[in-house]
Every structure is written in structure tokens, then in C-alpha cells.
């Protein structure tokens, strides 16, 4: 048995490739039996006349003639149909409505469409559950479930976040202004002092020692501090007299 050389192996490979290309060409030339195959879309209806000799010019002309005479089946290119005319309920097709539709203006309906009111007999939105349910036939777990549902929906229904925020802001403003007024401004005893005189003296002393404040502000703070001290002395002097006056009268 002779060992195949490189040249013999190459010759065998070339013959195999040529035989495969011939098989593929023969299978592609045979039309498919299915009428819906893509190869049948450009099938010629009449056979072309055989050419005696190979002529590239004649071949191109025959191809163009075959392409021109080819007819496509209706399923390949369906016939386009115009869209149906859009009708507006309550309008009649007149020349005016047609002209307005061409311009792009929708004609106004002659009669306003009012649907029939919902009643028990013609209501399409039927309830899936009976409401309100009969709580006498429910167990405690189902009653608790309905109670939670009602509370949650009631809270969502009556929730007013902007109103609540405004009310809280007004409340906090009034509380802050009232505290500042009674601690620093109010004089219920007509110059006899208040329970906040000690706090006023301490606060205005600290305020007068701040170097970042202007001179006028520090002078005003010292004046208020002196007034608070005088009220404290006046209140301290009047306190023993008030305690001794009943004893002296007795």
C-alpha cells in the first residue's frame, strides 16, 4: 500500500471541494415544492428562450426581462387599503365637517352624548363583597381585620399634612413669643418685681459683656440689668414688712 504524498492529498481535497459545490448548486437550482418558499417569489411564469452561445450582454438582458415579467404572489405584497373613515359620534358627514377635518379642526357634535345613569339593574360595576358586612356572622379575627381597614382608610381620608404643619408652626410661634414676653417684658406687679428678675439680671449681665455687640446695645443691656436689680431689692425690702404687718396688727 503506497503512502499518499502531499500532492496527492491536495488533489483529493480539491476534487472533494468541487463535488460539494456542484451538489449545492444542483440543490439550489431545484425549486422548493412549497408555494410559500422564498425561491418561488421570483419564479418565472414563462420559460426563457435558451441561448445558443454564452454572451454576457444577452445574459444581462435576459435577467432584466425575466425580472420585469416576474409577478409576485399576493401574500408577498398584500394590497394596501385606505384606513376606514373616523366617525365622530353626534356629527353628520357634510361638506363643512369634511372641510374642517381636512384642515385639522374636529367638528363639534350636534348633540351632547350623555350616558344612561347607573341603577341597580344596569350597573356594570357590581360589588364583589357585601358592604357593610354582617358583623354578627363574623368571627373576632375578621371583625378586627375590618376595624383596622376602616381606621387606616379613615386616617388617609382625613389626613391634612399642610394644615397640620401650619397649625404646629402657629402653636410653636405663640408658645415661644409667650415665654419670651413673660420672662423679659411682662410686669404684672407694676414695678414690684417678677419671679424672673434673677434670670433677667444674669442674662443682661452676660449680654453686656459681649464685645461683638455695639456700644448702644451693651448700654441698654446694663440699664435693663440695673432695673432688674432694683426690682429685686424693692421686692426683698417689701417682703419682711408684709410678713410683720399681721403680727403688729394683732
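A few comments on the model shown:
- Sequence-separation-based contact order of region 166-241, relative, with Cα cut under 8 Å and 6+ spacing, percent: 31 percent
- Förster radius 25 Å - calculated FRET efficiency between residue 118 and residue 149 (Cβ-Cβ, nearest 0.05): 0.50
- Mean projected area (nm²) of the alpha-carbon convex hull when region 163-240 is viewed from all directions: 7.0 nm²
- In terms of other Cβ atoms within 10 Å, 205, 197 run from fewest to most in the order 205, 197.
- When 170, 103, 201, 183 are arranged by Cβ crowding within 10 Å, least crowded first, meaning fewest neighbours, the order is 103, 170, 183, 201.
- Cα centroid of region 179-214 to Cα centroid of region 131-170, whole Å: 49 Å
- Over region 104-230, the reciprocal of the mean inverse Cα-Cα separation, the Kirkwood hydrodynamic radius, stands at 23.1 Å.
Quick note: the coordinates plus some simple rules give every number you see, no bench work behind them. Worth saying up front: this structure is predicted, and the values here are computed from it rather than measured. As a convention, Cβ positions derive from the backbone with ideal geometry for all residues, glycine included, and neighbour counts pool all protein chains shown.
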